[in-house]
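Below is one structure; the comments refer to it alone.
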Amino acid sequence: MNFLLYPLLTLAALAAGYGLRVWQASRGRARAEHQAREIQARAEEEAKATLKEAEARAAQELEKAERHLKELAAQQQRNWEEAQKRLHRREEQLDRRSEKIESIEERILARETELERLKEQSKATLETAERKLQEISNLTPEQAKELVLGRLDRELEHEKALRIKTMDERVHGEAKRRASAILAQAIQRSASEVSSTLSASVVHIPSDAMKGRIIGREGRNVRAFEALTGVDLIIDDTPEAVVLSSFDPVRREKAKLALERLVQDGRIHPARIEEVLEKADEEIRQLIQQKGEEAAIDAGVIGLRTGVLQLLGTLYFRTSYGQSILNHCLQVAHLSGVMAAELGLDVAMAKRAGLLHDIGKSIDRNVDGTHPEIGANLAKRFNEPPEVLDAIRYHHETEKAKFLYATLVEAADEVSIARPGARREQLETYVKRLEQLEALVNTFPGVEKTFAIQAGREVRVIVAPEKISDAKAVILARDVAKRIEHDMEYPGQVQVTVVRESRAVQYAK
């Protein structure tokens with residue numbers, strides 16, 4: 001009995017549990033279905049609200065688009081109406097122009113008709129005149145034509161000549177007036193002092209007792225000094241002073257500097273003289289460089305090479321008719337610059353050409369040719385501009401020049417040398433004679449140096465001892481004297497002294 005009860009209870013429990021699960025499942029399904037219906041209802045309500053909102057927004061956009069289209073249509077309508085008005089105005093203008101053109105064409109046609117009538121009338125009148133002229137003069141039309149044209153040509157030729165002459169006189173007068181004004185202004189703006197360089201220098205000494213030391217035993221110091229410098233050392237009764245005389249200012253300046261050093265030092269003998277002269281020579285070279293640089297700065301010329309500056313500095317010691325050539329070049333540079341400014345030319349180029357125009361005079365004693373040719377060749381070697389080369393070469397022959405700067409330099413050159421007191425003809429003639437004398441002697445073979453001293457009354461010829469023997473020295477002196485007699489004119493007589501000196505030098509170590 002109990003054995004059957006337990007299975008039944010188990011089955012009953014299982015059945016009850018299953019029923020409970022079924023009931024719970026059906027209840028959960030009903031709740032889920034209810035929730036689903038609620039969600040669906042809310043979704044439908046939201047969809048309806050969204051649809052209404054979209055429909056309202058679409059209606060607004062549609063209304064906005066309709067307003068925009070209406071505005072565009074109205075604007076296009078206004079534009080079209082404005083275009084129609086402009087077109088109408090343009091048509092009216094074209095109509096008026098057409099009427100004006102037609103009126104002009106009518107007047108032109110009328111004038112052409114009148115012109116044709118006048119031509120016919122003139123032709124008839126001319127034919128009548130020709131017939132009458134032929135009847136009166138018994139000339140054919142061709143002959144009459146030639147007669148009239150010939151007379152007309154002569155009248156026109158005469159009138160042309162008169163006009164050309166009048167214009168030529170007017171142009172020359174204006175050019176002369178303008179040139180005078182420019183030169184006057186240039187001279188006023190370039191005032192300078194007149195100074196002439198003498199051919200003698202004075203060296204002051206502390207006492208007359210120093211003169212004996214300068215002369216030396218039996219005059220050996222004087223002879224050595226004059227032989228080494230080519231300068232006359234004049235010792236006379238002048239108190240506390242000796243005079244150095246030479247036509248070459250470079251030699252004279254070097255000798256003056258050396259003598260001042262010797263007097264200051266007190267040791268005066270041939271070896272010391274030679275030593276001091278070497279130092280003086282170096283100082284003179286430095287002074288030449290300094291003078292060249294100062295001249296370039298004063299003239300406002302930049303970019304000159306060292307070689308050109310040295311040549312310019314050499315002109316400081318050269319004179320032309322008593323006038324310093326370097327000062328003359330500076331004056332020409334300033335005058336050329338002023339005139340170039342007045343004429344609208346390159347002022348820097350004009351100054352450069354004026355400063356270098358006499359550069360050939362720095363070496364014309366040693367090189368054959370005229371100083372313009374020598375100067376142009378020097379400037380070409382130093383790569384100066386073509387305008388400067390042209391001005392240097394042709395500043396005495398401007399008709400051959402290619403550039404206007406040569407004419408400016410020529411005018412400035414004439415203004416500089418024409419100033420009262422700027423030149424002394426006698427001194428220049430004297431210097432030229434001494435230069436010619438030295439140049440003539442230097443043409444002999446074996447001659448190393450030549451010094452014209454004693455105002456040209458003596459020529460000292462220094463020869464190379466390895467080329468000229470003692471016997472040949474005598475012959476050379478006679479040949480030089482004969483050449484001077486034949487080729488030169490001079491007052492009095494000229495003493496020719498040939499100096500042949502050989503030295504043997506060794507050093508004790």
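Key figures
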{"item": "Hey, residue 402 of a type in the set (Lys, Arg), in the same structural domain as residue 308 (by TED's automatic domain parsing), surrounded by fewer than 22 Cβ atoms within 10 Å (Cβ to Cβ) and on the phi < 0 side of the Ramachandran plot or not", "result": "yes"}
{"item": "Matching residues, the stretch 239-258, being closer than 19 Å to residue 212 by Cα and in contact with a Phe, Trp or Tyr (Cβ under 9 Å, 6 or more places away or on another chain)", "result": "255, 258"}
{"item": "Residue match in the stretch 243-253 (condition: touching a Leu at 6+ places or on another chain (Cβ under 7 Å), surrounded by 19 or more Cβ atoms within 10 Å (Cβ to Cβ) and among the charged types (D, E, K, R))", "result": "yes"}
{"item": "Verdict on residue 276 being over 27 Å from residue 411 (Cα atoms), part of a strand (DSSP E or B) and at pLDDT 85 or above", "result": "no"}
{"item": "Test for residue 468: is it within 21 Å of residue 231 (Cβ to Cβ) and surrounded by 17 or more Cβ atoms within 10 Å (Cβ to Cβ)", "result": "no"}
{"item": "Scope the stretch 217-244; condition out of contact with any helix residue (DSSP H, G or I) (no Cβ under 8 Å at 6 or more places or on another chain) and not in a loop (DSSP other than H, G, I, E, B); matching residues", "result": "217, 218, 219, 223, 226, 227, 234, 241, 243"}
{"item": "Residues that are small (Gly, Ala, Ser) and under 47 Å from the mean Cα position of the chain (by Cα), drawn from the stretch 226-278", "result": "230, 245, 246, 255, 258"}
{"item": "Exclusive hit being touching a Ser or Thr at 6+ places or on another chain (Cβ under 7 Å) and within 19 Å of residue 450 (Cβ to Cβ), set 255, 227", "result": "255"}
{"item": "Helices (runs of 4 or more DSSP H) fully within the stretch 299-392 counting 2 or more residues that are of a type in the set (D, E, K, R), crowded, with 21+ Cβ neighbours inside 10 Å and out of contact with any Lys or Arg (no Cβ under 6 Å at 6 or more places or on another chain)", "result": "347-356"}
{"item": "Every residue from the stretch 260-273 that is exposed (fewer than 13 other Cβ atoms within 10 Å of the Cβ) and either modelled with pLDDT of 90 or more or of a type in the set (Asp, Glu) (or both)", "result": "265"}
{"item": "Close pairs from the stretch 449-477: first in contact (Cβ under 8 Å) with a residue 60 or more places away in the chain and within 16 Å of residue 223 (Cβ to Cβ), partner among the aromatic types (Phe, Trp, Tyr) and part of a helix (DSSP H, G or I), Cβ under 6 Å, at least 6 apart", "result": "none"}
{"item": "Meets criteria (at pLDDT below 85 and part of a helix (DSSP H, G or I)) for residue 415", "result": "yes"}
{"item": "Leading residue by the ranking (nearest to residue 497 (Cα to Cα)) among those in the stretch 431-448 that are in contact (Cβ under 8 Å) with a residue 24 or more places away in the chain and charged (D, E, K, R)", "result": "438"}
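Rundown of residues vs (1) within 23 Å of residue 499 (Cα to Cα); (2) not acidic (Asp, Glu), yes/no style:
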{"site": "228", "(1), (2)": "yes, yes"}
{"site": "233", "(1), (2)": "yes, yes"}
{"site": "237", "(1), (2)": "no, no"}
{"site": "240", "(1), (2)": "no, no"}
{"site": "243", "(1), (2)": "no, yes"}
{"site": "260", "(1), (2)": "no, no"}
{"site": "267", "(1), (2)": "no, yes"}
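Here is a yes/no grid of residues against (1) assigned by TED's automatic domain parsing to the domain that holds residue 251; (2) in a strand (DSSP E or B); (3) at pLDDT below 85:
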residue: 433; (1), (2), (3): no, no, yes
residue: 439; (1), (2), (3): no, no, no
residue: 445; (1), (2), (3): no, no, no
residue: 450; (1), (2), (3): no, yes, no
residue: 455; (1), (2), (3): no, no, yes
residue: 460; (1), (2), (3): no, yes, no
residue: 466; (1), (2), (3): no, no, no
residue: 476; (1), (2), (3): no, no, no
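The values are calculated or read from the model by the stated rules, or taken from the named source; none is laboratory data. For clarity, every value in this text was computed on a predicted model and none was experimentally measured. Quick reminder, even Gly has a Cβ in these numbers, built from the backbone with ideal geometry, and neighbours come from all protein chains shown.
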